[in-house]
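Here is the structure we will look at, set down as structure tokens.
The numbers here are math on the coordinates, done by the rules we state, and not lab data. From a predicted model like this one, the values you see are computed outputs, not experimental measurements. With ideal geometry, Cβ positions are generated from the backbone for all residues, glycine too; neighbour counts draw on all protein chains shown.
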Amino acid sequence: MKRDGFQLISICYNAFVVKLLLKKNYLTMIHNLAKGEIHIFRNLFMNIDGQDKDILEDGKLACGKVVSSILYLNKLISDLHATVESTEKDMLINGWHEINDPREGAVITWERQNGHRHIGFSLGNNTAVSNGSNEVGFPAKHHITYNNARKIEKIYWNSILD
């Protein structure tokens, strides 16, 4: 059975019915982001004018890769991305739409600061998780507006998660 590009897994095996729990797995991945140092999202190397360069600057610019990786692993977008803009474009193509109020699992974009937009996930209860753009460069849990220091631009939801 296919649903919006995601193949739902439902298998009957020895009288057991096994079904992949998309929303539960997705939310668990998001909550696990805030549990500690996750190194796999920190780097993305490109060859620019003959020079190899880590375009994510050892995690400082990795928010797009973090969010797109979780979305991609759950088949909620089509590909991995390095930027907020390309992640957002892929989300819109794959059924994500704007909502007014954050809910657990919603994708949030924040205003541009220091020349960069920011993207992460709502954890509910006015908390979010996103990749830190500070010197640490790891995903971390924080207030949804960084205690009113960063304005939310947009909040996205995909109805497949209802």
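List the GluC sites (Glu not before Pro) in region 100-148 that DSSP assigns to loop (not H, G, I, E or B) and whose Cβ has at most 13 other Cβ atoms within 10 Å. Which are they? Answer in residue order: Glu135.
Averaging the sequence gap over all C-alpha pairs within less than 8 Å and six or more residues apart, then dividing by the number of residues, gives the chain a relative contact order of 23 percent.
Each Lys and Arg adds +1 at its Cβ and each Asp and Glu adds -1 at its Cβ; summed about the Cα centre, region 23-161 shows a dipole of about 460 debye. In the chain, the longest principal axis of the Cα atoms and the axis of helix 84-93 are about 30 degrees apart.
Between 0 and 90 degrees, the angle of helix 63-73 with respect to the longest Cα principal axis of the chain falls at about 10 degrees. Under 13 Å from a label point 7 Å along Cα→Cβ of Asp58: give me every residue in region 108-141 with its amide N that close. Flagged as within label range: 134-138. If you run the Gaussian network model on the chain, springs between alpha carbon atoms under 10 Å, then out of Ile93, Ile77, Ile108 the most flexible one is Ile93.
When the Gaussian network model of the chain links Cα atoms closer than 10 Å, the mean-square fluctuations of Val84, Val66, Val17 top out at Val17. List the pairs from Lys53/Lys141; Lys65/Lys151; Lys53/Lys75; Lys24/Lys151 whose alpha-carbon separation is above 26 Å, in the order I gave them. From Lys53/Lys141; Lys65/Lys151; Lys53/Lys75; Lys24/Lys151, over 26 Å: Lys53/Lys141; Lys53/Lys75; Lys24/Lys151. Would you mind computing Rg(Cα) / (2.2 N^0.38 Å) for the chain, counting N as its residues? The value comes to 1.09. For the chain, modelled as a GNM whose springs connect Cα atoms under 10 angstrom apart, the maximal fluctuation among His116, His97, His31 occurs at His116. On C-alpha positions alone, give me the angle between the axis of helix 22-33 and the longest principal axis of the chain, in degrees, nearest 10. Roughly 30 degrees between the two axes.
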